[in-house]
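To keep things clear, I will list the structure first and then write my remarks on it.
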Amino acid sequence: MSHTPSTAPDIALKLTDVEFRRQGRVIVTGVNLTIRRGERWVLFGPNGIGKSTLIQMMATRLHPSDGTVDILGNRLGKVDVFSYRNRIGLSSAELSRAFPPDEDPLDAVVTALTATTGKWRDTYGEEDYARARGLMRRFGVEYLAGKQMWKLSEGERTRILICRALMADPELAILDEPTTGLDLGGRELVVGALSELGAESDERAMVLVTHRLEEIPEGFDHIAIMGRLSGDERQAHETRVKGGDPAPGTIIYTGDLEHGLTEERVSAIFGLPLTVEHRDGRWQAFAGSAHR
Ligand SMILES: Nc1ncnc2c1ncn2[C@@H]1O[C@H](COP(=O)(O)OP(=O)(O)OP(=O)(O)O)[C@@H](O)[C@H]1O
């Protein structure tokens, strides 16, 4: 049966008027975001604002309560997700819990080809394993082949999941906090490898989630910044914000990263005066003045 794409061919991801509620609480609302093929995006915002919630939708793991999510021309909820899930590469903490504890990390990477976890029933060729090993080398974890997933440190598991996310040469790669648990050396290796990937001119769309400016790789030049509803918009929602629940998260800026990451905006979303610096392609933020 032929399938009419739900969006223009150059659009990888489109969220339209998305709201997500959990147990009566509005977690995110008014989310609009369009990501084109070949673009590298950072999804940035403070803890608990709803970044992972949006990522789960972008990766077909969660449906919006309202609004629409279009992924690679498929409207979420209208098309069987298993028909296109292997075109999306995801690395996230939630996913890391899906593997059988004794799974070989090499298999955890290679099973991305069939969008499964656990190797049984599937067979993969030598070429597949060679690609998996190549990715593991690139991210400094080739030595983990033959080990067991449950024994990995957090930083090792994170890197294995990045390799897995890239294994199937996905059209959309989604990396949720890809430097979680990494020591300084590991972080710099991963940020460097992601910068290289970001600089490659291909049609893959990439979305990287972080709440730390230091972890934005070079080449990621678009940003969606999340903050909480404020002013009139918040008041319009007040009747729906129960008890001490924080105001819903939303996207307060989308576009060019260079212009989006202003001190004013970053200070506002974290609720304290911050100095933001951009030097040699990398970003950093800290409280107070750089000239003290
Ligand atoms: N299963 C759940 N049940 C109830 N509330 C949840 C659940 N999962 C997440 N939440 C709430 O939804 C809000 C958004 O969470 P989410 O994980 O999307 O934020 P985040 O921006 O990714 O945060 P972080 O940077 O800390 O990972 C939080 O207040 C969280 O407590």
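Annotations for the structure displayed:
- Counted residues, region 133-184 - those being open to solvent by 50 Å² or more (accessible area, probe 1.4 Å) and not acidic (D, E): 12
- Residue list for region 136-159, filter: closer than 25 Å to Y84 by Cα and at pLDDT 95 or above: M136
- Flag if S65 is touching a Ser or Thr at 6+ places or on another chain (Cβ under 8 Å), of a type in the set (S, T, N, Q) and either under 17 Å from P248 (Cα atoms) or free of Cβ contacts under 8 Å to residues at least 12 places away in the same chain (or both): no
- Close contacts from region 206-228, counting a first residue that is within 16 Å of Q56 (Cα to Cα) and a second that is among the basic types (K, R) and within 14 Å of the ligand (Cβ to nearest atom), with Cβ to Cβ under 7 Å and a gap of 6+ residues or different chains, come to V209/K51; M226/K51.
- Qualifying strands (runs of 3 or more DSSP E) (wholly inside region 30-105; at least 3 residues being surrounded by 20 or more Cβ atoms within 10 Å (Cβ to Cβ), at pLDDT 95 or above and within 16 Å of the ligand (Cβ to nearest atom)): 40-44
- Every pair of residues 6+ apart whose Cβ atoms lie under 9 Å, when the first sits in region 50-61 and is over 12 Å from I88 (Cβ atoms) while the second is within 12 Å of the ligand (Cβ to nearest atom) and assigned to a helix (DSSP H, G or I): S52/A93; S52/E94
- Residue list for region 1-29, filter: assigned to a strand (DSSP E or B) and in contact with a helix residue (DSSP H, G or I) (Cβ under 9 Å, 6 or more places away or on another chain): L13, L15, V18, F20, R21, R22, R25, V26, I27, V28, T29
- Test: L182 is of a type in the set (A, V, I, L, M, F, W, C) and within 16 Å of the ligand (Cβ to nearest atom): yes
- Residue selection: S195 satisfies the criterion of being open to solvent by 10 Å² or more (accessible area, probe 1.4 Å) and under 21 Å from G260 (Cβ atoms).
The values are calculated or read from the model by the stated rules, or taken from the named source; none is laboratory data. For clarity, every value in this text was computed on a predicted model and none was experimentally measured. Methodologically, a virtual Cβ is constructed for each residue, glycine included, from the backbone with ideal geometry; neighbour enumeration extends over all protein chains shown. Ligands, DNA and RNA are stripped out before the accessible areas are found, and what is left, the full protein with its side chains, is counted by its heavy atoms. Shrake-Rupley method; radii C 1.70, N 1.55, O 1.52, S 1.80 Å.
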